Amino acid sequence: MRRLEPEGALRVTCVPSAQRFAGLRGEWEQLVDAGTTSVFNRWAWLYPWWQRLHPDWEPWILESRDATGALRGLLALGRHAVRVGGVPVRRLALLGEDAVGSDYLDVISRPGEEAVVGGLFGAWLLAHASEWDVLELQDVEVGSTAMGALVSSLPAEWLRGRWPRFTCPVRTFMPGEGFDTFLLRTARRDNFLRRRKWWGKQPGFELRITTAPGALAGPLASFFELHERRWASDGGSQGIRGPHVEAFHRDATWLLAGDGRLRLSTLEVEGRAVAAVYGIVDRGTFHYYQGGYAPEWAGKSVGLVLVGETFRDALALGCSRYDFLRGTEPYKRDWVDAERHTEAWRVLSPGMAGRLFHASWNAQRAARTWVKAVLPRRVTGIIQGRRRRAAVA
């Protein structure tokens, strides 16, 4: 156990222990419930991510507690070793950063305490800088008070990078807004209503929304199949790649469903699934995580109809916001009225290892930029597709 005792009522502790990580679930979820951070900061998302995808990472869960022992802040980090030119580099990063599209990762705290808790975590990382070489904070929402305070607590000369990550299209609903009123504010109303009427006349048409853990097996298997089919012609999905990621989602959806947060919507015709949306509802926000559909039904706007139905579902649940998460695909634009943005930070502790890591990253980025500038877009698309297929294999 490593502890920092600051002036004031809060102290910071880090216990790099898998057992400790597992045992924090109740307090962790209560703290998220009390604050404003995204669902992707929940224990139900990050613990299975660590177990299924990166069990080799040493969990560094920073806890901030008051004098009574009550949990007031959390930062879910993991440390792992990478090698650059034969030199070992200790990289410290946010859990959830890789492979599963976790947007808006952040410090978890109570409202109004973001800057204090973030600053304390930054001070702890400064005091323990001899134990890490690179700190990377990816997929943080632009304007995060807590992360800004954390980075500001570290020496300015240690900051070596800050760059944009993703644009996330969103729709904010008006108070008391119904689905019909909402449709009037979109560019897809007429097309949706026409296509929805056609689908409603098809034999065996049914829309199912699965929310219970015990009912997940079949709908989740259908979702994986439809998602894979949707992206097969583009070289495979970037969002769900391979059996380890699927195993993560089986765990995460089971936990989310148990907490009443999962909305797995499936459109069926005569008992056959033809489109599916993996949605998560958390504290008034419907998150469109991923979707899929049978390509042979694309001409009948099966994806459009199911997306529209998830908006209907979000409004019926009393949500105040619908978030498409990362990606600016054209089909999203006709439904939204705003955007959120994420970014990444890189901080290097003193020493050669971190500088080598940063120099190697810059060289790789320059090489990718050169390739994109020199090769035709068709060729780079083929290369990207092959990389996706290799990642899945």
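Starting from the range 1-87, pick out the GluC sites (Glu not before Pro) whose DSSP state is loop and whose Cβ has at most 16 other Cβ atoms within 10 Å.
Counting only loop positions with at most 16 other Cβ atoms within 10 Å, the GluC sites (Glu not before Pro) in the range 1-87 are 7.
Compute the long axis of helix 114-127 from its Cα atoms, compare it with the longest principal axis of the Cα atoms of the chain, and write down the angle in degrees, 0 to 90, nearest 10.
50
Residue 190 versus residue 126, label points 7 Å from Cα toward the beta carbon: distance in nm?
In this crude label model, residue 190 to residue 126 measures out at 6.1 nm.
The range 325-339 to the range 259-314: how many Å between their Cα centroids?
16
Please give the per residue accessible area of the chain, computed with a probe of 1.4 Å over protein heavy atoms only, in Å². Don't skip to the answer; put the middle values down first.
Numbers: 17450 Å² over 393 residues.
Dividing the accessible area of the chain by its residue count gives 44 Å².
Along the Cα→Cβ direction, 7 angstrom out, place labels at residue 172 and residue 159. What is the inter-label distance in nm?
2.6
Just to be sure I understand the model, the point goes 7 Å from the Cα along the line to the Cβ. What's the resulting residue 179 to residue 17 distance in nm?
Output for this residue pair reads 5.0 nm.
Mind counting lysine pairs for me in the chain? Cα separation below 25 Å, and the two need to be 8 or more apart along the chain or on different chains.
4
Select from 64, 301, 349 the residue whose mean-square fluctuation is largest in a Gaussian network model of the chain (Cα-Cα springs shorter than 10 Å).
It is 301.
Cα-based Rg (one decimal) and Dmax (whole number) for the chain, in Å?
22.2, 69
Return the carbon/sulfur percentage of the accessible area of the chain, one whole number, probe 1.4 Å, all protein chains in place.
52
On each of the three principal axes of the Cα atoms of the range 1-82, give max minus min coordinate, whole Å, ordered largest first.
37, 27, 20
Using the alpha-carbon centroid of each, what span in Å lies between the range 66-122 and the range 160-189?
28
In deg cm²/dmol and to the nearest 500, what is the mean residue ellipticity at 222 nm of the chain if only DSSP H runs of at least 4 residues count, each as -39500 (n - 2.57), divided by the residue total?
Theoretical 222 nm ellipticity from helices: -12500 deg cm²/dmol.
How many percent of DSSP beta bridges within the chain run antiparallel, rounded to 5?
90
Where in the range 172-216 does the label zone of residue 337 land, with the point 7 angstrom along Cα→C-beta and an amide N cut-off under 16 Å?
172-189
Rounded to the nearest 0.05, what FRET efficiency is calculated for residue 321 and residue 51 with R0 set to 41 Å and r the Cβ-Cβ distance?
0.85
Viscosity 1.567 mPa s, temperature 4 °C: Stokes-Einstein D of the range 49-186 from its Kirkwood Cα radius, in µm² per second? Provide the component values of the computation, followed by the final result.
Details: Rh = 17.2 Å.
This corresponds to a translational diffusion coefficient of 75 µm²/s.
The values are calculated or read from the model by the stated rules, or taken from the named source; none is laboratory data. Because the structure is a prediction, the values reported are computed rather than measured. Neighbour counts are summed over all protein chains in view; Cβ atoms, including those assigned to glycine, are modelled from backbone coordinates with ideal geometry. All accessible areas refer to the heavy atoms of the entire protein, side chains included, with ligands and DNA or RNA removed. Shrake-Rupley method; radii C 1.70, N 1.55, O 1.52, S 1.80 Å.
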